Amino acid sequence: MLRSELAHARRKLNAEIQRERDVVQRLRDLGEGNEIPEGYNDDFVMRARIQQIEEELQAERVRRQELERIVEDIRRECRTPFVVPAILEAFLEISELTNDVLEGIHVDG
């Protein structure tokens, strides 16, 4: 799942990088490229941006894993209270049945 997310993010990033290149080139063709800093389109800059995004993705993965553990802990905690009342209810029913039987013996005896 995460690998497909990473592949999707990379495809999206590459598409955006290509789009950016096209826009920069069109601006330069129109003579407005002077405002764009030199090296703006360098591979170094793109690699740095990719690395930053990958680090953010890794941080999100770690955070998601932490949250999944927390959710699992909460689920585990929630399961216990549901079992305990059910057992208590069963004991109460057994107690009532026992009392009914014992009362029946005393009435008949």
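Contact map, segment 53-71: residues that are free of Cβ contacts under 8 Å to residues at least 60 places away in the same chain paired with residues that are hydrophobic (A, V, I, L, M, F, W, C), Cβ distance under 8 Å, separation 6+ or inter-chain. Pairs shown: Ile53/Ala9; Ile53/Leu13; Glu54/Leu6; Leu57/Leu6; Leu57/Ala9; Arg61/Leu2.
Answer yes if at least one residue in segment 99-108 is among the acidic types (Asp, Glu) and modelled with pLDDT under 80, and no otherwise. Yes: one or more hits.
The values are calculated or read from the model by the stated rules, or taken from the named source; none is laboratory data. Note that the structure is a prediction, hence the values are computed from the model and not measured. FYI the Cβ positions are ideal-geometry reconstructions off the backbone, even for glycines, and counts take in every protein chain you see.
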